[in-house]
Structure formats: structure tokens, C-alpha cells
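Some notes on the structure that comes next.
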Amino acid sequence: MPLRDAARAACVSHAFLQSWRCYPYLIFSKEVLGLEENAFREAEITRDLISKVDHILQRHSGIGVKKLKLDFLSATNVDSSSIDSWLHRAVTPGIEELTLKLPLDSNAEYSFPCSLLSNRNANSIRDLQLSFCAIRSTVDLGCLRTLTTLYLYSVRITGSELECLLSNSLSLEWLTMVGCKEIVWLKIPCLLKRLHSLRVNECKMLKVIESYAPNLSTICFSGHVVQMLGSLQVKTLKMSCFHQCNILRYAGTKLLCIVPNVEELRISSRAEIVNTPIVPGKFLCLKRLHISLGGNAFSPTYDYISLVSFLDASPSLETFVLIISQDRMKHASVFGDSAQLRQMPEHRHDTLKKFKIYGFCSAKSLVDLTCHILETTSSLKRVKLDTSYGYARCYASGRCYPYYTEQIMEARNAVLAVETYIMGKVPPTVKFNLVQPCSRCRALVP
């Protein structure tokens, strides 16, 4: 119900007014309070926002609140005293979800009152999400015995302060940290027996992740490569490292001793300068491999067929997905290279069932890789080659993400490469799918 309608109903119904004053779910933002259309200047919007939140919380009983969400990310100059007042008013015993999103300009000013989560308040909180604030006095925390989800976005907190927070959160299952610039060493204690998912994005100062959580099975991180220590039993690892070169080389030479039991590996890189080296060992449990390549620093001399080293090192691999994102094809074309397609019959991949390439182009080394897999894999069930530059562009609804003329022409070359060199090698038992620009997009270039 819109806020204005709720206010009108409260004026004519005493029962509605009483129920509203004990309402358990309190969500405040400019959008929810309908402020964007009524004020034109940021200062007026913020002043209106503070006034309305004050008015609502002062009349709320403060009893029975289960969920509190204060989303002021798009506001400006929300003073600390108001935030403290709202939190102390609404965060009471029984609170289960607390979300605090402060304006960007508050990052250096507001310190979250950890004492708020002590005593009885700490006994019920399940979900805690904090953005653009600081966490300092962690010694004031109680035992957060019910906390399962912790999300920190651009929060100022040191490694020792975070370790104290984690040590008080024995039921934690999901931990997410984004843009926390003061963390250098992330240490996860063995007490977190329920923790199974860790996500770390763009924490620029982070150097080490040391985990002793026995059931941590999924790690996702992006930004730059960090050292991983401890007793890791990771099953799913996702790496998006766009600020460093040769991440595939790092993955092939280092990951085996770090996550030997990994079952799903996803690697994204925009700066592969050298070919992928031979992997010195076997990923015995790896079943799903996703590799994403592209970007301005992606070398036009990179040899796609060097990815075979990952396939050789994965005797249980069932799914291989390659995503190539590039504005234009820079590699040597199969039509401009007189050399024959390379064959490596000694390399077999007889557990692979699904093989997909998104952003398929006419690069000779990519055609080499595709033909090699078709010729050396007897277990294939499905093959998909998509010429749409790494993501869907054509939709059945009739709305298409625009191609450049050069991209349409390269897509045509890619289709011709498939028809000339690849189609004849597809076994009859394999379901083959070739995706190309729709007729609307192809008509854009004569």
C-alpha cells in the first residue's frame, strides 16, 4: 500500500492505526516514501526523508520489528545522530534482518554501534547487511548465535575487527565483502562450521585469504589474485581477475595445490598475454570448467588450442564452456592462414559431454580447438557455437542489442568457418547448435 493511502486509512480506522504501529517490516527509502516526484533538490529530498522516517519511527511502538531496512544510498548528508536514533528505536529483541545503506559521503563518518547487537538483540538477528559505514568497537558485540548472512559493502573494518566479528557468528553460512579497502589478511576461524559460501570483490588491499572453516565449499573473488591458505575443501571456485595478466597461467600452475578437490572452476581474464602452459598434475574431481576471455589487453597472438592443457588435466571433466568477449576479432583468421588445421590425436577427452563457445569467431586457433575436441572426444552429447560476441544480442521479441558492421561481417565469417571446417566433423550422435545473428541484424549489412 502506498504511504499516502496507508496514512489515510490510519486516519479513519483505529484498528488499522494500531496494527501499523506494531508492523514488523519497516523499509525506508526515497522510492518507498515517494519522495522523488515531490522534491526537486537533493537537500529537500534528504530533509523530507529524515522528517518522514522520524515521524514514522516515533509513532511505532518499537515492539515486534522483524525486518528493518534503511536505504539512503541515493540521499545526501544524513546525520549520524538521526541514524543512531532510528537504529536504537527499531533494533529491539526479536529483530531478524537489518540492512543499513548509507550515502556515499558518510563512509568516513558513521561508525555502526556494535553495542546494538549485544545482549538480547544478538539472539535473533539472522541477516546483517551494512554499506558505507565503519565497524570499530567489535568488543561490544554479543554472541550472534543466529546470524547466517553477513554482507559488507564498502565498510571500513580491519582484519582483526572482522575476525572478532566472525568469531562471534558461529552460525554464519554466507559471507560477502565488496570494496572493503582496509582488509589485508582475511582469517576465517575453524569455529565457523556452517560457513559454505565466501564472496570477496574488489577489496584492493587484500593479500591473503586464510580459512579453516571445514565446510567452506564455494569461493568467489574478483579484482586481483590473492594468496589462499589453510585447510580448503573448496568444490566451486570462481575467479574474475581483470587487473592482472595471465590468470590462466596462474590457475594452471598454482590452483592444483590450493584447491585439489575443486569440481567447478570459473575463470575470467581480460589480459592473457602468453599461452596456457601444461598443467603439472590432475584436477581429479573437476567436472565443470568455464573460461571467459577478452578485453583490450587480450593478446591477438594467444593460441586458443593451448586450453587443451586444462582438458588434459581434468580426467573427469563433463562440461567445458568458453566465452570470448571482444569488440572485434584480432586473431589470425582461418581463411587467411594457409597452414593446415592442427591435430593432436594423442590427447583424448572421453568424459566430456557438453562443449560450448560463446563469441565464436573465425580465428584459426579457435577452429583448431573446436575440431580437436570433436575428433578426440567420444562422449560428446551437445555442442553449441554462438557467434554473438560473448552475450545474447538477438531476442525473439524483436528487440536486438545492436551489432557493429564489422561484427556482423565477422559473424558471417564465423558461420562460414563452421560450415567449411567443423560441420563435417560433428558426429551424428551429437546435438549441434550454431547460433548466428538473426535475419533483422544480418539485413543491416548488405
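The values are calculated or read from the model by the stated rules, or taken from the named source; none is laboratory data. Since we're looking at a predicted model, the values are computed, not measured. Virtual Cβ from ideal backbone geometry, glycine too; neighbours counted across all protein chains shown.
Could you list, in sequence order, the residues of the range 132-142 that are out of contact with any Asp or Glu (no Cβ under 8 Å at 6 or more places or on another chain), surrounded by 15 or more Cβ atoms within 10 Å (Cβ to Cβ) and more than 17 Å from LYS101 (Cα to Cα)?
The initial filter retains those residues of the range 132-142 that are out of contact with any Asp or Glu (no Cβ under 8 Å at 6 or more places or on another chain), namely 132-134, 137, 139-142.
Remaining after also requiring surrounded by 15 or more Cβ atoms within 10 Å (Cβ to Cβ): 132-134, 141-142.
Within the range 132-142, LEU141, GLY142 meet the criteria.
Scan the range 112-145 for residues that are over 27 Å from the mean Cα position of the chain (by Cα) and either aromatic (Phe, Trp, Tyr) or not in a loop (DSSP other than H, G, I, E, B) (or both) and the total you get is 12.
Taking the condition farther than 29 Å from ILE27 by Cα, surrounded by fewer than 21 Cβ atoms within 10 Å (Cβ to Cβ), in contact with a strand residue (DSSP E or B) (Cβ under 8 Å, 6 or more places away or on another chain) and not assigned by TED's automatic domain parsing to the domain that holds LEU26, does GLU163 pass? It is true that GLU163 is farther than 29 Å from ILE27 by Cα, surrounded by fewer than 21 Cβ atoms within 10 Å (Cβ to Cβ), in contact with a strand residue (DSSP E or B) (Cβ under 8 Å, 6 or more places away or on another chain) and not assigned by TED's automatic domain parsing to the domain that holds LEU26.
Would a scan of the range 3-23 turn up a residue that is touching a strand residue (DSSP E or B) at 6+ places or on another chain (Cβ under 9 Å) and modelled with pLDDT under 80? Taking every residue of the range 3-23 in turn, none turns out to be touching a strand residue (DSSP E or B) at 6+ places or on another chain (Cβ under 9 Å) and modelled with pLDDT under 80. Only one entry of ILE247, ILE273 meets the criterion of being closer than 19 Å to SER309 by Cα, among the aliphatic types (A, V, I, L, M), surrounded by fewer than 16 Cβ atoms within 10 Å (Cβ to Cβ) and touching a residue at least 12 places away in the same chain (Cβ under 8 Å), and that entry is ILE273. All of ARG156, ARG145 fail the test of being out of contact with any helix residue (DSSP H, G or I) (no Cβ under 9 Å at 6 or more places or on another chain) and either more than 22 Å from LEU116 (Cβ to Cβ) or not aromatic (Phe, Trp, Tyr) (or both), apart from ARG156. The residues of the range 357-382 that are among the basic types (Lys, Arg) and either farther than 18 Å from ALA411 by Cα or in contact with a Leu (Cβ under 7 Å, 6 or more places away or on another chain) (or both), listed by number, are LYS381, ARG382.
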